[in-house]
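Worksheet: the structure to be examined is printed underneath.
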């Protein structure tokens, strides 16, 4: 009887573990250990709460990994419709906090941010669209994809939430790119973007005058770009974040000052040190070596994601895996860029490391999608 019971226990554990991809799991474990160490240094009282978020995120990752990718793609129009409906509800009935209307309040105890749903729903829906027309992708499919992307991105940007709008746009644009968007469309847009960047860089002083309006951007978003060009124009105000984070990064040196020994962090010079600017805490306390190890983990995550994408059995799965992997890269690039002072501050967390439940849940769901695609490829 004991042998039979042990057999059933082993069989059950095997069934629970089978959906998980060991390389991804090891990489994720390394990143979450980094998160625990840095949050314990930057905001010790929040570590237990973050561990709760992580456990819930891992449960969500496992749940989505066991769903067949084909089934997940077939449900994507429903996810998309729910996400858009909730974004419209936010615009009409949302809760305003710190000048932004981003949340829906359900009863008196629950507040949700519907824009987070679109980070998952958008690549799923566009991958489903292109898979349906796999053998006959035309201009109509690309136009439909852009239209599906533009609506939610506009609603999110109007909240305003530029960081989430960037992530939702990037998740959709990566799917469109990997589906075969012609270079003759990509190159003109890229050149136009470069022209805008050069114009702002050359004429920054004139464009940053208070009476000059930038079309499509709020005044605070314009100020973020202008502060990026010259943080010293408001060193105790809008430029404070950038100045202090770059000081923290530079002061860490090669090996860092030691865990919990960062002066910028623990003398409260570094703002948002446990969320958006946690990379500066890492740089100050663990130096170049600590940063190098973390970047190695991220590179391993991206490499594993692309390996899974290359081995995916269907076009939809390939598009979903590659775009999910590139979204991880977008999180990483934008966060490190803004903390280092080479990109404007837009409120995008360092993936898997920054404190916060919403981001870690969304990112772990992305890892779960990759695991599900890998499992489906092995079972074919």
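The values are calculated or read from the model by the stated rules, or taken from the named source; none is laboratory data. Please read these numbers as outputs of a predicted model, since none were measured by experiment. Cβ coordinates were reconstructed from backbone atoms using ideal geometry, including for glycine residues, and neighbour counts include every protein chain displayed.
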Residue list for segment 341-375, filter: modelled with pLDDT under 90, surrounded by fewer than 21 Cβ atoms within 10 Å (Cβ to Cβ) and not in a loop (DSSP other than H, G, I, E, B): 357, 358, 375
The lone exception for residue 206 - which of (1) at pLDDT below 75; (2) surrounded by 20 or more Cβ atoms within 10 Å (Cβ to Cβ) it fails: (2)
Strands (runs of 3 or more DSSP E) contained in segment 58-142 and holding at least 3 residues touching a residue at least 24 places away in the same chain (Cβ under 8 Å): 100-106
Criterion: in contact with a helix residue (DSSP H, G or I) (Cβ under 8 Å, 6 or more places away or on another chain), surrounded by fewer than 18 Cβ atoms within 10 Å (Cβ to Cβ) and more than 30 Å from residue 239 (Cβ to Cβ) - qualifying residue of 319, 302, 315: 302
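Can you go through 31, 72 and tell me which one is at pLDDT 95 or above, out of contact with any strand residue (DSSP E or B) (no Cβ under 8 Å at 6 or more places or on another chain) and within 30 Å of residue 378 (Cβ to Cβ)?
Result of the check over 31, 72: 31.
Quickly run through segment 167-186 and pick out the residues that are assigned to a helix (DSSP H, G or I) and within 13 Å of residue 126 (Cβ to Cβ).
Taking segment 167-186 as the starting set, the residues that turn out to be assigned to a helix (DSSP H, G or I) are 167-178, 183-186.
Answer for segment 167-186, where residues must be assigned to a helix (DSSP H, G or I) and within 13 Å of residue 126 (Cβ to Cβ): 168, 169, 170, 171, 172, 173, 174, 175, 176, 177, 178.
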Selected residue (criterion: farthest from the chain's Cα centre (by Cα)) from residues of segment 322-332 that are surrounded by fewer than 24 Cβ atoms within 10 Å (Cβ to Cβ) and under 26 Å from residue 40 (Cβ atoms): 332
Out of 288, 255, 306, 269, sole residue that is in the same structural domain as residue 24 (by TED's automatic domain parsing) and farther than 30 Å from residue 27 by Cα: 269
Residues of segment 251-295 that turn out to be closer than 30 Å to residue 164 by Cβ and surrounded by fewer than 18 Cβ atoms within 10 Å (Cβ to Cβ), as a count: 7
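Given the residues 24, 32, which is the only one that is surrounded by fewer than 20 Cβ atoms within 10 Å (Cβ to Cβ), touching a helix residue (DSSP H, G or I) at 6+ places or on another chain (Cβ under 7 Å) and in the same structural domain as residue 269 (by TED's automatic domain parsing)?
One residue alone meets the criteria, 32.
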Looking only at segment 1-21, and only at residues there that are modelled with pLDDT under 85 and not in a helix (DSSP H, G or I), the one that is surrounded by the fewest Cβ atoms within 10 Å (Cβ to Cβ): 1
